[in-house]
Amino acid sequence: MAKEVSPGVLALRKVVEDVYADAREAKKQGKLVGWSSSKFPCELAAAFDLDVMYPENQAAGIAANRDGEIMCQAAEDLGFDNDICGYARISLAYAAGKRASRKFDPETLEYVINPASGRPLKDENGKVVMGEDGKPKKDPKTMQPYTVLDDIHEIEALPETTEKEIAYKNFRREAIKPYRQMRMPQPDFVLCCNNICNCMTKWYENIARMCNVPLIMIDIPYNNTVEVHDTNVAYVRAQFDHAIKQLEELTGKKFDEKKFEEACANANRTASAWLRVCDYLQYKPAPYSGFDLFNHMADVVTARGRVQAAEAFEQLEKDLAEAVKVGKSTTPFPEKYRVMFEGIPCWPKLPNLFKPLKEHGVNVTAVVYAPAFGFVYNNMDEMVRAYYKAPNSVCIEQGVSWREGICKDNKVDGVLVHYNRSCKPWSGYMAEMQRRFTEDLGIPCAGFDGDQADPRNFNEAQYETRVQGLVEAMEANAENKEG
Amino acid sequence: MSIEVLLKEFAEISEHPRRQIQAFKAEGKKVVGVLPYYAPEELVYAAGMVPMGIWGSNKKTISMAKEYCATFYCTIAQLALEMLLDGTLDDLDGLITPTICDTLRPMSQNFRVAMKDKLPCIFLAHPQQRKPAFGIQFTMDQYQHVKGELEKISGNTITDEALREAIKVYNRSRAARREFVKLAGEHPDVISAVSRSAVLRSAWFMIKDDHTAKVEALNAELRALPPCDWKGKKILTSGIICDNPKLLQIFDDNQIAIAADDVAHESRMIRVDAAETGDPMMALAQQFADQDYDILLYDENSNQNRRADFVVKQIKDSGAQGLVLFMQQFCDPEEMEYPYLKKALDAAGIPHIKLGVDQQMRDFGQASTAIQAFADVL
Ligand code: SF4
Ligand code: SF4
């Protein structure tokens, strides 16, 4: 049975599609297209009407489309160590012109289908059709060509004198996988804000070098206190002004105060609606699975300054209100336990992450992104403070208080911690956080090793054991409370 | 003093940092641990205390630090925490924790949490936009905070005069070390890779006046030597740190001399001096602004390959024939800059090898084979 998709979710999907489509269109028209880190103040670029793409969102999408490994490997072949954040590796390979493509026969220009791909063929009664070899037959419609690595610079350098050469070149261009993240336009400028990690600084410097494009940098140093001091605000505020000047030079336009305010208003509206959507996870049982929030994050990242994003979240909010009223939930299993999922999920392994949770009736009802992206501000200085408080730029006390806040509000029974091999700044103080969650909230925590983008770093057996352990601890906890 | 005696003294100190701390304490001095990178040690000195560089350890194994860290963090940071937890650094009176990389950011929190009630930890965040006026101001603000915390620990006010004096002491130390690096490159017959490292490493464990006096004495002896007719090979070392005598011994055994270095623990930290006149806090901030060509620092002209070009030039100027990169495991800033370093080296026809290292390495068989093979292609 296909999962029922609410109007809000559909709207959210469309918003992200549009962001990508608009950028492709802008590029076609010869307009500037930029690449930006996810927590760069998009309000600034919006004031110049610039189309901006988000490599982190792109990398997540590539990983979810199962091309994380081939792109990571491509980056490694360029000399980037496999220790480096998987998002950065995927993005750097992409910036260098590498693409995941579909294998084809250069003579016949036909795709070469991978026999291992595809889903089992079912008859009209929904029964799997068996082949003569005793194995399930594949549905030919779902079978895919082999994935191969290609390079746009290599393609563009191909000769195009004969008809055959032209046909080959065009086919090779078209063979690049057609999903939006693999068809993102190359950058004309890059916008880097390193509030979430310093890896970002070097990552964007590398893109700037590879593509020979200007880099606009907003440096937000790590903060050791819950408050953001005035001196820190002054530093970042000055950089905003500096970035505006750079953008004026880049575009030849003046900073448009009105557009800026509009983007700010939209970003605020999106953030509030996002927060309210997140808050629906407080219901018991929750009307949806927190895993869905990871998908909706794409909207917060790529489109928070667009009115459509705000509207889509508001629509989703309505859908959820309705769902709560009629007692419906999109979680495909009865909710027995509620947990916070700490960190970014392993995109290439989402089904594997989900499986044991479903088995044990564990619903994710809290994710750290909820408070981390739900910031609202009223003026430029507050905006600085808001951008200062990114997931990895805050001190441990702030990090703990955010998490414990949603753990309490969303009534979780335990915490599942992703020790994300890609993300050093995030994983670096999780052990201490785990101790605090248990001490302060009396809930069990379990950690597992994984990676947000590189499937080679995830160990399914270990994950299942850890989930099992967490479930047992939550069960014991519940019994203690009752007894 | 003869070269031999001096080198022996450096080696002794370099191998026994803990003994150094204890000796300082016995003299009634306060000692402040200084983690990498770019902490203004001058402030510690000006407060009348001894700064002690903490760059991990070649002798320890990670055990207690596992309570705080997943495995995928560099040993430099993990072993620093290990030594704080296992009592090695119990005599410290304070600790400065810079946060310029993604490992040191969360580690600053671990240090502070683990040392709660035990050791004051002084947080330091450098700006990456260090050159514009607003960046210099931010550095000054951060240093002001460090200064205040150091004053609390020492009980002394850091006067401008004392700070200016400290800057002079440090400028002189850096100049002496820079000259030593040059002389060591010219006289590999007397300064082995192992002793070269000891001279530079001990600087982190000594009061700079004492270290400088010894280095200047050594430099004088080296200057007086006849030119050396080196029959072996010469290389430039690059990376965060390469101070393991066992590893360096392989270079000596294979007649590979270190002509110069692009190593954080050695030359990267002593390239730039601070002004000895004017506002000394401003001088320190300007000094940080002037730092350059470092994988840890933002480059405003990042669409060029300035840092790698700088390293290529260093190689040419120093007469090195190739580059050995000591790649600390899990050090992403260094890893992120490797492809473009490689590109510049290849373009200039300079051979290089990348040696994966960490501070828990005890067996250097593989490294030895790689280094020998590399010597053959030079
Ligand atoms: S925050 Fe973590 S996951 Fe995101 S880009 Fe930085 S290192 Fe990678
Ligand atoms: S070795 Fe690398 S990762 Fe470790 S502290 Fe130094 S710069 Fe950071």
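The values are calculated or read from the model by the stated rules, or taken from the named source; none is laboratory data. Only a predicted model underlies this, so the values are computations on that prediction, with no experimental measurement involved. All Cβ positions, even for glycine, are placed from backbone atoms using ideal geometry, and neighbour counts span all protein chains on display. Side chains are part of the model used for accessible areas, which takes the heavy atoms of the whole protein and leaves out ligands, DNA and RNA. Shrake-Rupley method; radii C 1.70, N 1.55, O 1.52, S 1.80 Å.
Gaussian network model of chain B, Cα springs within a sub-10 Å range: biggest mean-square fluctuation belongs to which of B:His145, B:His352, B:His126? Per the Cα network of chain B with a 10 Å cutoff, B:His145 tops the list. Between B:Asp262, B:Asp332, B:Asp229, the GNM of chain B built on Cα springs shorter than 10 angstrom shows B:Asp229 fluctuating the most. With all protein chains in place and a 1.4 Å probe, the accessible surface of the protein assembly as shown carries 51 percent carbon and sulfur. For the protein assembly as shown, adding -39500 (n - 2.57) for each run of n ≥ 4 DSSP H residues and dividing by the number of residues yields -16000 deg cm²/dmol at 222 nm. Just to confirm the number: angle between the C-alpha axis of helix B:133-154 and the first principal axis of chain B, 0 to 90 degrees, nearest 10? Relative to chain B, helix B:133-154 is tipped by roughly 70 degrees.
With the simple model of a label 7 Å out from the Cα in the direction of the Cβ, B:Asp309 to A:Asp381 spans 4.2 nm. Over the C-alpha atoms of the protein assembly as shown, the Rg to Rh ratio, Rh being the Kirkwood estimate, stands at 0.99. When the trypsin sites (Lys or Arg not before Pro) in the range B:185-291 are filtered for DSSP coil states and for at most 13 other beta-carbon atoms within 10 Å of their beta-carbon, the remaining sites are B:Lys231. Its Cα centre serving as origin, chain A has a Cβ charge dipole (Lys and Arg +1, Asp and Glu -1) of approximately 680 debye.
Relative to the compact-globule estimate of 2.2 N^0.38 Å, the Cα radius of gyration of the range A:271-477 comes out at 1.00. Placing a label point 7 Å from the Cα of B:Val5 along the Cα-to-Cβ direction, no residue of the range B:173-214 has a backbone N closer than 13 Å. What distance in nm separates the simple spin-label points at B:Glu276 and A:Lys135, each placed 7 Å from Cα in the Cβ direction? Result: 7.9 nm between the two label points.
All alpha carbon pair distances within the range B:72-168 were sorted into 10 Å bins beginning at 0; the resulting P(r) in whole percents reads 14, 38, 34, 13, 0. Name the residue farthest towards the positive end of the dipole of the range A:104-145 from the options A:Met143, A:Tyr111, A:Leu121, assuming +1 on Cβ of Lys and Arg, -1 on Cβ of Asp and Glu, about the Cα centre. Looking along the dipole axis, the top candidate is A:Leu121. Gyration tensor analysis over the Cα atoms of the range A:174-268 returns equivalent ellipsoid semi-axes of 27, 19, 15 Å (largest first, whole Å). Once the C-beta distance of B:Gln360 and A:Glu4 is scaled by a Förster radius of 56 Å, the resulting FRET efficiency is 0.55 to the nearest 0.05.
Structural descriptor for the range A:104-145: relative contact order 43 percent, calculated from alpha carbon pairs under 8 angstrom and at least 6 residues apart. Using the Cβ-Cβ distance between A:Leu158 and A:Lys411 with R0 set to 41 Å, the FRET efficiency works out to roughly 0.10.
Normalised by the number of residues in the range A:271-477, the mean separation of alpha-carbon contacts (under 8 Å, six or more apart) gives a relative contact order of 23 percent.
Placing +1 on each Lys and Arg Cβ and -1 on each Asp and Glu Cβ, with no other charges, gives the protein assembly as shown a dipole about its Cα centre of roughly 1000 debye. Across the range A:104-145, Cα-Cα distances exceeding 11 Å account for 67% of all pairs.
Across peptide A:217-228, the mean count of Cβ atoms from other chains lying within 10 Å of each residue's own Cβ comes to 5. Near A:Leu109, within a Cβ-to-Cβ distance under 14 Å, what is the net charge of the other residues, with Lys and Arg +1 and Asp and Glu -1? Computed value for this residue: 0. With Cα atoms defining each centre, the range B:279-336 and the range B:18-92 are spaced 25 Å apart in the structure.
Looking at the square roots a ≥ b ≥ c of the eigenvalues of the Cα gyration tensor of the range B:293-378, which shape do they give, rounded for a/c under 1.5, prolate if a/b is larger than b/c, or oblate? Oblate is the answer for the range B:293-378, as a/c is 1.5 or above yet b/c matches or exceeds a/b.
The range A:399-463 and the range A:97-157 have Cα centres lying 37 Å from one another. Lysine pair count for the range A:271-477 with Cα-Cα distance under 14 Å and sequence separation of 8 or more or different chains is 8. Distance between the modelled labels on B:Ala217 and A:Glu107, one decimal in nanometres: 8.2 nm (7 Å Cα→Cβ projection). Between B:Glu165 and B:Lys246, full extension at 0.36 nm per residue minus the direct alpha carbon distance yields a gain of 25.4 nm. Between the DSSP loop rule and a limit of at most 15 other Cβ atoms within 10 Å, which trypsin sites (Lys or Arg not before Pro) in the range A:126-208 are left? When the trypsin sites (Lys or Arg not before Pro) of the range A:126-208 are filtered for loop state and at most 15 Cβ neighbours within 10 Å, A:Lys127 remain.
In this structure, A:Asp18 and B:Lys66 have a Cβ-Cβ separation that, at R0 = 35 Å, corresponds to a calculated FRET efficiency of about 0.15. Classify chain B: rounded, prolate or oblate, from the alpha-carbon gyration tensor (a ≥ b ≥ c, eigenvalue square roots; a/c under 1.5 rounded; otherwise prolate if a/b is larger than b/c)? Verdict is rounded for chain B. Nearest 5 is fine: what % of DSSP beta bridges in chain B come out antiparallel, could you say? Rounded to the nearest five, the antiparallel share is 0 percent. Looking at chain A, what % of the alpha carbon pairs are farther apart than 42 Å? Beyond 42 Å sits 19 percent of the P(r) for chain A. When both the range A:299-366 and the range A:233-261 are represented by their alpha-carbon centers, they are found 36 Å apart. Please identify which residues in the range B:305-329 have an amide N closer than 14 Å to a label point set 7 Å out from the Cα of B:Lys182, following the Cα→Cβ vector. Output list for this probe position: B:317-319.
Could you tell me what percent of the DSSP beta bridges with both partners in the protein assembly as shown are antiparallel, to the nearest 5? Just about 20 percent of them are antiparallel.
Using only side-chain charges placed at the Cβ, +1 for Lys and Arg and -1 for Asp and Glu, the dipole size of the range A:233-286 relative to its Cα centre rounds to 200 debye. Quick one: helix B:193-202 against the long Cα principal axis of chain B, what's the angle to the nearest 10°, folded into 0 to 90? Tilt of helix B:193-202: around 10 degrees. The DSSP beta bridges internal to the range A:271-477 are antiparallel in roughly 0% of cases. Solvent-accessible surface of protein heavy atoms, probed at 1.4 angstrom with all chains present, puts B:His211, A:His360 in the order A:His360, B:His211, largest first.
In chain A, the sites counted are GluC sites (Glu not before Pro) in DSSP loop states with at most 13 other Cβ atoms within 10 Å, and the longest stretch holding none of them, exclusive of the sites, is A:228-483.
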